[in-house]
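Readers should treat all values here as calculations from the given coordinates under stated rules, not as data from a laboratory. Only a predicted model underlies this, so the values are computations on that prediction, with no experimental measurement involved. Backbone-built Cβ (ideal geometry, glycine too); neighbour counts: all protein chains shown.
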Amino acid sequence: MTVAELFPTLRNLPRADKLKVMQFLIAELAKEEEPTLQQGATYSLWSPLNSHEAAHKLAQLLESEQSQQNA
């Protein structure tokens, strides 16, 4: 069945069924996305915690913002 053949059928569906079709299609598209995450797996995540360079940059930005407001 082609997409053109599906459209009239989809138009005639009740609203709740249209939402179910949308959920199905979104789930199918999500499965095709890369990278896929595995349930129960652990993944490393970067965090600025203990990042002294990030803290220094933030302090500089805050100081420059404060000096601009005081000017």
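Evaluated with a Cβ-only charge set (Lys, Arg +1; Asp, Glu -1), the chain carries a dipole of roughly 420 debye about its Cα centre, given to the nearest 20. Putting +1 on Lys and Arg Cβ atoms and -1 on Asp and Glu Cβ atoms, find which of GLN68, PRO8, THR36 reaches farthest to the positive end of the dipole of the chain. Of GLN68, PRO8, THR36, it is PRO8. Mean projected area of the convex hull spanned by the Cα atoms of the chain, taken over all viewing directions: 11.4 nm². For LYS20, LYS31, the sequence from fewest to most other C-beta atoms within 10 Å is LYS31, LYS20.
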